[in-house]
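Contents: one structure, followed by commentary.
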């Protein structure tokens with residue numbers, strides 16, 4: 001089919017890029033060090049008189065060569081740079097397993113209230129009762145949504161939450177005289193952080209193969225379980241976008257073998273308010289506040305990864321945590337009993353707690369369930385609309401929050417998953433997640449989230465169908481040369497890795513020409 | 001529900017396209033006994049103004065730094081953040097972008113990270129810096145593990161001047177590790193860490209300015225460590241100090257870890273913060289976290305990409321250097337913009353101003369009967385000994401509207417030697433009136 005390109009939005013809406021590389025509207029922006037110098041500054045500060053320095057002879061002897069910009073120059077530099085980015089606010093961001101949903105600006109406004117932003121982690125607890133109450137309220141939402149006994153708020157990101165969850169499992173087994181349990185089971189479809197986390201704690205990782213339908217077979221888990229297995233790390237819904245149908249039986253088998261069930265909660269957005277992971281038998285699960293609860297991704301963080309814990313693991317929760325005592329809230333800052341100690345200097349990502357709770361209150365329990373249902377609806381809609389032109393790896397099952405395709409439909413076209421995704425850039429969409437999960441050849445993982453309207457989904461599907469038809473029609477160059485309309489064409493990653501340039505260096509003074 | 005675009009009619013139409021009878025049919029893989037068999041005991045959705053009122057009520061129960069004299073530091077510092085910084089980081093293109101995996105449409109974030117890495121490398125006088133870690137404390141734990149990989153040795157020695165929370169984080173990361181030596185608290189700036197270095201030592205970890213405010217001699221530490229084949233890890237919790245102090249790299253540090261919150265980032269009750277890490281060029285392949293590098297695109301134009309990802313979990317899985325994926329991107333942006341606004345001239349001025357305010361504070365405190373200033377050296381933070389336990393004293397001063405600092409006992413409750421110690425910080429925001437108010441109240445409380 002041909003694509004109607006008339007009237008395609010170029011400003012807001014679904015098209016992220018209005019201009020081609022190097023156009024007058026998107027000029028190349030020099031580096032800060034190429035436009036600033038050590039004399040210019042964008043701040044006014046008084047000159048300080050220091051009568052007797054207390055620096056003990058450790059004063060700096062050499063210059064830093066730090067470039068400075070005045071305020072108007074800085075504004076222009078960072079605004080210009082920003083325009084080279086795709087963002088949720090400028091267009092659909094269908095990255096599977098990343099949950100790129102709308103980031104409400106009310107969250108930002110609230111997080112900047114002085115009563116949240118301008119309080120110190122070590123000021124007297126009597127002066128931060130509202131902050132502790134907020135942490136308690138957030139904890140209550142998370143425990144209610146998951147039906148779990150406890151929550152550790154402090155992990156700084158999802159991977160940090162995984163680490164904490166596995167540390168809690170290790171602590172529990174050490175306390176029970178089960179230190180010989182050195183194996184962690186990880187399905188092949190798992191995100192790379194799972195095996196990395198297990199290995200970080202000294203565990204041996206044992207992979208569990210996926211069934212032909214992309215899910216984990218309870219029998220395969222039973223076969224892998226032994227007295228040396230500490231835990232299974234299972235993502236549910238899994239990275240193929242499928243709910244693990246035997247998850248309750250898997251949990252039972254794991255517990256029967258004396259091991260724990262760590263659930264990777266990266267995909268909690270699909271089930272919040274609809275399924276409580278505690279009802280499935282999980283012992284620990286991290287929740288990415290920056291995915292499920294709308295705190296901004298910020299170009300790579302900060303995230304937040306609170307971990308809900310079962311009653312068996314609750315005693316091992318890290319400090320600090322909030323406790324009600326005689327009508328006031330106290331902050332427990334030192335390990336008591338079995339607590340595994342401290343995993344970050346202070347109270348965790350308070351700025352993210354504020355945003356997440358604001359989002360929860362806005363949606364309510366009813367709205368969160370509706371959001372999960374809409375996320376699942378949107379993914380299934382994409383899958384249904386594109387099934388005829390793309391190849392679906394696991395048959396005709398309903399998917400959860402993301403639609404997974406493989407590259408069978410590109411066979412013989414000379415176009416790869418990478419090429420196809422890059423061509424999507426020229427149509428104003430961010431590529432989907434590619435080549436993940438690893439269990440599917442040439443995977444394309446699409447997660448629309450609940451934030452996308454039917455109109456945007458239709459537009460996306462039309463573009464996807466048109467691209468698939470064009471690839472099959474042999475218009476290879478459109479794909480292999482893509483992107484053509486982005487601020488940069490494909491970048492040479494091999495060169496970057498082979499001889500790394502990781503910082504700017506002042507160009508050598510040109511030698512004087514020989515007479 | 002203002003964040004959800006579909007009407008019920010659209011939902012029905014979409015279900016028709018899918019061929020599903022109801023939304024519940026899409027959840028058919030969920031075991032029946034786990035599917036919405038419960039009543040969520042949670043509030044219903046709420047309009048913006050009611051949510052705002054709820055949150056404002058919570059915020060109102062906290063005492064903000066701007067509410068009165070404020071001397072709290074100990075690893076997090078109250079500095080001015082220019083309005084430009086907060087405006088820029090709220091631009092959609094920065095705030096709502098993902099990790100820059102698609103470099104063609106992420107050059108803004110990538111060039112910023114390249115500039116950030118350059119700034120951090122220059123400030124620390126190290127060869128290379130990464131694109132940030134969660135915070136200074138977890139960065140310290142990562143540095144310790146990195147040193148073990150680099151030296152293939154196990155023994156780690158933590159200085160008694162290291163922030164106690166940082167020490168506790170390293171302890172949690174290295175659980176039950178007999179090769180971890182944590183030296184006892186050294187509030188007078190004393191230290192015998194050099195005596196603990198031997199041929200099995202992977203690294204010694206020294207903070208400067210240390211937790212108590214003292215400036216530590218990095219040159220002798222670097223020489224002693226290197227003489228035994230060990231590495232020197234330097235921790236800096238107040239990055240502004242490097243506007244005035246010689247950089248760790250100039251003294252021979254092998255890995256520098258810092259908390260970058262002071263530049264561009266608010267206190268936020270402890271997070272999100274910004275872990276900085278810099279090291280020598282030859283160590284980069286054992287460095288955790290994202291790295292941004294320069295390259296060219298298909299047209300030969302300069303561009304930037306995430307690179308050396310063969311260190312990372314998404315490629316290496318269980319063989320990765322760390323499990324880290326997310327860093328502190330937006331906090332790094334705030335840092336980079338603020339540092340760009342300061343430039344060398346502004347950064348130096350800011351550091352001088354901080355030191356000047358701290359000198360004024362120290363002189364004022366030293367004049368109070370019953371107050372002993374423990375520091376001969378400091379940057380913007382210092383420790384005093386008083387005749388009474390510091391924790392209730394801080395509470396009494398808080399009741400008078402003054403946040404007087406951090407009682408060391410809050411971090412070291414088991415150590416009776418520090419019960420009467422109080423750590424106080426001054427920044428450019430500390431006024432003469434603030435200091436006068438503190439001195440008056442402290443004089444009365446100690447009388």
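The values are calculated or read from the model by the stated rules, or taken from the named source; none is laboratory data. Keep in mind the model is a prediction, meaning the values are calculated, not measured. All Cβ positions, glycine included, derive from the backbone under ideal geometry; neighbour counts span all protein chains shown.
Of all residues in the stretch B:5-49, those being closer than 18 Å to residue A:273 by Cβ, more than 7 Å from chain A (Cβ to nearest Cβ) and part of a loop (DSSP other than H, G, I, E, B) number 3.
Go over the candidates A:473, A:486, A:468 one by one and state the one that is buried (at least 18 other Cβ atoms within 10 Å of the Cβ) and farther than 18 Å from residue B:102 by Cβ. Step through it out loud before you land on a result.
Working: A:473 fails: buried (at least 18 other Cβ atoms within 10 Å of the Cβ); A:486 fails: farther than 18 Å from residue B:102 by Cβ.
Only one candidate passes the filter, namely A:468.
Restricting attention to the stretch A:88-99, the residues that are surrounded by 24 or more Cβ atoms within 10 Å (Cβ to Cβ) and farther than 21 Å from residue A:403 by Cα total 1. Residue A:451 meets the conditions (1) away from every other protein chain (no Cβ under 14 Å); (2) assigned to a loop (DSSP other than H, G, I, E, B) in every case but one. The failed one is (1). Scoring residue B:2 on the criteria (1) in a loop (DSSP other than H, G, I, E, B); (2) surrounded by fewer than 20 Cβ atoms within 10 Å (Cβ to Cβ); (3) touching a residue at least 60 places away in the same chain (Cβ under 8 Å) leaves a single failure, condition (3). Tell me whether the stretch A:71-85 contains one or more residues that are at the interface with chain B (Cβ under 7 Å from one of its Cβ atoms) and out of contact with any helix residue (DSSP H, G or I) (no Cβ under 8 Å at 6 or more places or on another chain). Within the stretch A:71-85, none of the residues are at the interface with chain B (Cβ under 7 Å from one of its Cβ atoms) and out of contact with any helix residue (DSSP H, G or I) (no Cβ under 8 Å at 6 or more places or on another chain). For the stretch B:373-384, indicate whether the set of residues that are modelled with pLDDT under 95 and in a loop (DSSP other than H, G, I, E, B) is non-empty. The answer is no, given that none of the residues of the stretch B:373-384 is modelled with pLDDT under 95 and in a loop (DSSP other than H, G, I, E, B). Go through the residues of the stretch A:47-54 one by one and say whether even a single one is within 7 Å of chain B (Cβ to nearest Cβ), closer than 30 Å to residue B:220 by Cα and at pLDDT 95 or above. Yes, that holds for at least one residue. Entry remark, the stretch A:83-106: residues being outside any loop (DSSP other than H, G, I, E, B) and under 18 Å from the mean Cα position of the chain (by Cα) number 2 in total. The one condition from (1) assigned to a loop (DSSP other than H, G, I, E, B); (2) more than 7 Å from chain A (Cβ to nearest Cβ); (3) closer than 30 Å to residue A:273 by Cα that residue B:99 does not meet is (2). Among the criteria (1) facing chain A (nearest Cβ under 10 Å); (2) within 23 Å of the chain's Cα centre (by Cα), the one residue B:408 does not fulfil is (1). Suppose we keep only residues that are under 18 Å from residue A:30 (Cβ atoms) and within 7 Å of chain A (Cβ to nearest Cβ) within the stretch B:295-318. Which one would you say is surrounded by the fewest Cβ atoms within 10 Å (Cβ to Cβ)? Among residues in the stretch B:295-318 that are under 18 Å from residue A:30 (Cβ atoms) and within 7 Å of chain A (Cβ to nearest Cβ), the one surrounded by the fewest Cβ atoms within 10 Å (Cβ to Cβ) is B:299.
Condition check: in a strand (DSSP E or B), in contact with a strand residue (DSSP E or B) (Cβ under 9 Å, 6 or more places away or on another chain), under 18 Å from residue B:34 (Cβ atoms) and more than 10 Å from chain B (Cβ to nearest Cβ). Does residue A:268 satisfy that? Explain how you work it out, then say what you get.
On the way: in a strand (DSSP E or B): no; in contact with a strand residue (DSSP E or B) (Cβ under 9 Å, 6 or more places away or on another chain): yes; under 18 Å from residue B:34 (Cβ atoms): yes; more than 10 Å from chain B (Cβ to nearest Cβ): yes.
No.
Which residues, taken from the stretch B:260-269, are touching a helix residue (DSSP H, G or I) at 6+ places or on another chain (Cβ under 6 Å) and either farther than 18 Å from residue B:287 by Cβ or within 7 Å of chain A (Cβ to nearest Cβ) (or both)? Quick ask: steps written out before the conclusion?
Quick first cut of the stretch B:260-269, residues touching a helix residue (DSSP H, G or I) at 6+ places or on another chain (Cβ under 6 Å) only: B:260, B:262-266, B:268-269.
Within the stretch B:260-269, B:262, B:263, B:264, B:265, B:266, B:268, B:269 qualify.
Can you spot a residue in the stretch A:352-369 that is closer than 29 Å to residue B:165 by Cβ and more than 9 Å from chain B (Cβ to nearest Cβ)? The answer is yes; a qualifying residue exists. Exactly one residue out of B:346, B:340, B:401 is in contact with a helix residue (DSSP H, G or I) (Cβ under 6 Å, 6 or more places away or on another chain) and farther than 25 Å from residue B:161 by Cβ, and it is B:340. Look at the stretch A:40-55: where a residue is free of Cβ contacts under 8 Å to residues at least 24 places away in the same chain and a partner is assigned to a loop (DSSP other than H, G, I, E, B), sitting 6+ places away or on another chain with Cβ atoms under 6 Å, you get A:54/B:377; A:54/B:378. The condition (being modelled with pLDDT of 95 or more, buried (at least 24 other Cβ atoms within 10 Å of the Cβ) and outside the structural domain of residue B:245 (by TED's automatic domain parsing)) is satisfied by just one residue among B:390, B:364: B:390. Inspection of the stretch B:249-259 finds no residue satisfying the criterion of being surrounded by 24 or more Cβ atoms within 10 Å (Cβ to Cβ), over 23 Å from the mean Cα position of the chain (by Cα) and either at pLDDT below 95 or more than 30 Å from residue B:429 (Cβ to Cβ) (or both).
For the stretch B:184-206, the tally of residues that are surrounded by fewer than 20 Cβ atoms within 10 Å (Cβ to Cβ) and either within 24 Å of the chain's Cα centre (by Cα) or under 30 Å from residue A:163 (Cα atoms) (or both) stands at 3. When B:244, B:231 are checked against the criterion of being crowded, with 24+ Cβ neighbours inside 10 Å and either at pLDDT below 95 or touching a helix residue (DSSP H, G or I) at 6+ places or on another chain (Cβ under 6 Å) (or both), B:231 stands alone in meeting it. Before we move on, is residue A:233 over 20 Å from residue A:203 (Cβ atoms), buried (at least 23 other Cβ atoms within 10 Å of the Cβ), assigned by TED's automatic domain parsing to the domain that holds residue A:167 and in contact with a helix residue (DSSP H, G or I) (Cβ under 7 Å, 6 or more places away or on another chain)? No.
In the stretch B:319-341, the residue that is farthest from the chain's Cα centre (by Cα) out of those that are buried (at least 24 other Cβ atoms within 10 Å of the Cβ) and without any contact (Cβ under 8 Å) to a residue 12 or more places away in the chain is B:320.
Scanning the stretch A:170-194 for residues that are out of contact with any helix residue (DSSP H, G or I) (no Cβ under 8 Å at 6 or more places or on another chain), more than 10 Å from every other protein chain (Cβ to nearest Cβ) and in a helix (DSSP H, G or I) returns a single hit, A:173. When every residue of the stretch A:200-218 is checked against the conditions, at least one turns out to be in a helix (DSSP H, G or I) and at pLDDT 95 or above. Restricting A:121, A:72, A:155 to residues that are out of contact with any strand residue (DSSP E or B) (no Cβ under 8 Å at 6 or more places or on another chain) and not in a helix (DSSP H, G or I) narrows the list to A:121.
Scanning the stretch A:251-306 for residues that are closer than 20 Å to residue A:110 by Cα and without any contact (Cβ under 8 Å) to a residue 40 or more places away in the chain gives a single hit, A:298. Residues that are in a helix (DSSP H, G or I) and more than 7 Å from chain B (Cβ to nearest Cβ) within the stretch A:124-151 comprise A:125, A:132, A:135, A:136, A:137, A:138, A:139, A:140, A:142, A:143, A:145, A:146, listed in sequence order.
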